[in-house]
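K.L.:
Please find one structure pasted underneath; my questions will follow.
The values are calculated or read from the model by the stated rules, or taken from the named source; none is laboratory data. This structure is a prediction, so every number in the text was calculated from the model and none was measured. Because the Cβ atoms are built from the backbone with ideal geometry, glycine has one as well, and the counts that use them run over all protein chains shown. Ligands, DNA and RNA are stripped out before the accessible areas are found, and what is left, the full protein with its side chains, is counted by its heavy atoms. Shrake-Rupley method; radii C 1.70, N 1.55, O 1.52, S 1.80 Å.
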Amino acid sequence: MKQHTLNQWLWKWHFIAGLVALPFIILLAVTGGVYLFKDNYEAPKQEHVKQVEVTGKAATFQEQLKVATLAFKKPPNAMEVPSSSNQATAFVTGRFSHKKTVYVNPYNLSVTGKISPQDSKMHVVRKLHGELLLGKFGTKIIELVASWMFVLIVTGLYVFWPDNKQGIKSFVTIRFKQGKRILFRDLHAVLGFWISIGLLITLAGGMPWTDVFGSNFKWLQRVTGTGFPKTWNGKGLQSQPANTTVSLDEVVALAKAKTLKGITSIALPRGPKGVYTIYNETFDLGAQERFYLDQYSGKQLFKHNWKDIGVLMRGRMWFMAFHQGQFGLWNWLLMLCIASLLAVVTIAALVSYLKRKPKGQWGTPKVPTQFKVGYGILVTIAILGIILPLFGISVLVLVMVDYLKPKLKI
């Protein structure tokens, strides 16, 4: 049996947190759902840049690299190995949202176009989803909302969990014939229950992108040695200078011979002692590999695979890929379902609240004045406050306001 006063106390904080976070949650659900269609939206718009007509013999990759260097006005740092004869060769500079790719037609050595994430409308959707178009300040607002969403889910599960009288039917029962308030209350509670686990995993996948939690998580990976190995990006590996270097075409041939899963790329040497890195990008994470080659002899200096990555980084990459729906159609459909139902659940909560709210009052759930929070809950809140620092700071602010209210007669 649930403790009634504890149930009321948790409902009160579920209500307050939900009311404050509600507009942001709807925004996150809608923008997250829209962003799932990024590839569908961008593919037809970029087809004329990425695909070419096969006309005769292709130029060497070394020649194509010279064209890309002139287009960038500086040497690219990587290239993608074409997977078909009608594919333009992609040369890359920069990383993440600052990444720019120039595409070279291998048959006539013309530049078919340049693509940058910042040029797409989906980039705006992503920025809205991750930072409200407000930069670092917006990122922290999203992190705070996401932190409270963990609390909303846990408190919601406790408040919703049926007692012995209600039985297991409560998990699947939506009362359509007992008025709109009950209907929207059930839509919020029942649908919220069924997406709760998926939503927790989704939130965990989004947290590494945040400022405060994300920075702390990277620090933990670093001090525990559970992130990428130091040599993952070729750091510490050096080519031995000689009179001749291997051509880019020879490195491409080596890359193709490895038949790696997904998109195969080659990181180009930086400076006279830099190395070539052959690597693949695939969301079959266990199939990721990296090969480091001397730029003069072509000899393999080192190799990494998925097992060389630390456990925290492996977990982080898995959750982030799940968050983006990148494990195939099932994952994409699941994320679309979670985003859609989250919007429905949030709007249903608002409608239910407006239906029950007394006129001229907030309608905050009442808690008996004699109720004292147990040590177990206090310890749980403290642990959450350490793991999710912005949540911890917000709780301290709320406690201070609650303490000062009677003194200031607010």
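K.L.:
Kirkwood hydrodynamic radius, computed over distinct alpha-carbon pairs, for the chain: how many Å, to one decimal?
P.N.:
Roughly 25.0 Å, rounded to one decimal.
K.L.:
A follow-up question, please. Treating each Cα of the range 328-404 as an identical point scatterer and ignoring solvent, apply the Debye formula and state log10 I(q)/I(0) at q = 0.18, 0.22 Å⁻¹.
P.N.:
Here the Debye-derived log intensity ratios amount to -1.06, -1.04.
K.L.:
Thinking of the range 108-266 as a set of Cα atoms, what percent of all their pairs are more than 23 Å apart?
P.N.:
That tail contains 68 percent of the Cα-Cα pairs.
K.L.:
Using the Kirkwood radius built from alpha carbon pairs, what does the Stokes-Einstein equation give as D for the range 38-86 at 37 °C and 0.692 mPa s, in µm² per second?
P.N.:
Estimated diffusion coefficient is 255 µm²/s.
K.L.:
How big is the Kirkwood radius of the range 105-180, worked out from every pair of different alpha carbons and given in Å to one decimal?
P.N.:
That comes to 17.6 Å for the range 105-180.
K.L.:
Averaged per residue, what accessible area in Å² does the range 280-410 show with a 1.4 Å probe, protein chains only?
P.N.:
Roughly 61 Å² per residue, with all protein chains present.
K.L.:
Near LYS177, which lysines are there with a Cα under 20 Å away, not counting those fewer than 8 places off in the same chain?
P.N.:
Correct list for LYS177: LYS169, LYS355.
K.L.:
OK, next. What trypsin sites (Lys or Arg not before Pro) does the range 341-378 have in DSSP loop regions with at most 14 other beta carbons within 10 Å?
P.N.:
Taking the range 341-378 and a limit of 14 other Cβ atoms within 10 Å, the loop trypsin sites (Lys or Arg not before Pro) found are LYS359, LYS366, LYS372.
K.L.:
Take the Cα radius of gyration of the range 1-53 and divide it by 2.2 N^0.38 Å, with N its residue count; two decimals is plenty.
P.N.:
For the range 1-53, the normalised Cα radius of gyration comes out at 2.22.
K.L.:
How many times 2.2 N^0.38 Å is the alpha carbon radius of gyration of the range 1-106?
P.N.:
Taking N as the residue count of the range 1-106, the ratio is 1.93.
K.L.:
Report, in listed order, any pair from LYS100/LYS140; LYS50/LYS99; LYS66/LYS273; LYS66/LYS114; LYS230/LYS303; LYS230/LYS307 with a Cα-Cα distance greater than 18 Å.
P.N.:
Pairs exceeding 18 Å: LYS100/LYS140; LYS66/LYS273.
K.L.:
Leaving out ligands, DNA and RNA, what percent of the accessible area of the chain is carbon and sulfur, probe 1.4 Å?
P.N.:
Looking at the chain in its full context, I get 63 percent from C and S.
K.L.:
Along the positive direction of the dipole of the range 340-410 (beta-carbon charges: Lys, Arg +1; Asp, Glu -1; about the Cα centre), which of ILE381, SER394, TYR353 reaches farthest?
P.N.:
Checked the options; the winner is TYR353.
K.L.:
Using just the C-alpha positions of the range 277-343 as equal point scatterers, what log10 of I(q)/I(0) does the Debye formula give at each q in 0.20 1/Å?
P.N.:
-0.84
K.L.:
What translational D, rounded to a whole number of µm²/s, comes out for the range 235-317 from Stokes-Einstein when the hydrodynamic radius is the Kirkwood one over Cα pairs, at 4 °C and 1.567 mPa s?
P.N.:
96 µm²/s
K.L.:
Restricting attention to the alpha-carbon atoms of the range 261-410, what are Rg (one decimal) and Dmax (integer), both in Å?
P.N.:
For the range 261-410, the Cα radius of gyration and maximum Cα-Cα distance read 26.4, 80 Å.
K.L.:
What 222 nm value per residue comes from the helices of the chain, counting each DSSP H run with n ≥ 4 as -39,500 (n - 2.57) and dividing by all residues, nearest 500 deg cm²/dmol?
P.N.:
-18000 deg cm²/dmol
K.L.:
Provide the solvent-accessible area of SER196, counting protein heavy atoms only and rolling a 1.4 Å probe, rounded to the nearest 10 Å².
P.N.:
My reading of the accessible area for SER196 is about 10 Å².
K.L.:
Take the Cα pairs of the range 192-250, get the Kirkwood Rh, then feed it into Stokes-Einstein at 25 °C and 0.890 mPa s and tell me D in µm²/s.
P.N.:
157 µm²/s
K.L.:
Count neighbours as other Cβ atoms within 10 Å of each site's Cβ, and list the trypsin sites (Lys or Arg not before Pro) in the range 3-108 that are DSSP loop with at most 15 such neighbours.
P.N.:
LYS57, LYS73, ARG95, LYS99
K.L.:
Do you know the relative contact order of the range 32-151, to the nearest whole percent, from alpha carbon pairs under 8 angstrom that are 6+ apart?
P.N.:
Relative contact order of the range 32-151: 21 percent.
K.L.:
Another question, if that's okay. In percent, how large is the relative contact order of the chain, given Cα pairs closer than 8 Å and 6 or more residues apart?
P.N.:
20 percent
K.L.:
What are the chymotrypsin sites (Phe, Trp or Tyr not before Pro) within the range 115-209 that DSSP puts in a loop, where the Cβ has at most 11 other Cβ atoms within 10 Å?
P.N.:
Loop-located and lightly packed - PHE176.
K.L.:
Now for a different question. Could you work out the relative contact order of the range 33-100? I mean the mean sequence separation of Cα pairs under 8 Å and 6+ apart, divided by the number of residues, in percent.
P.N.:
After rounding, I find 27 percent.
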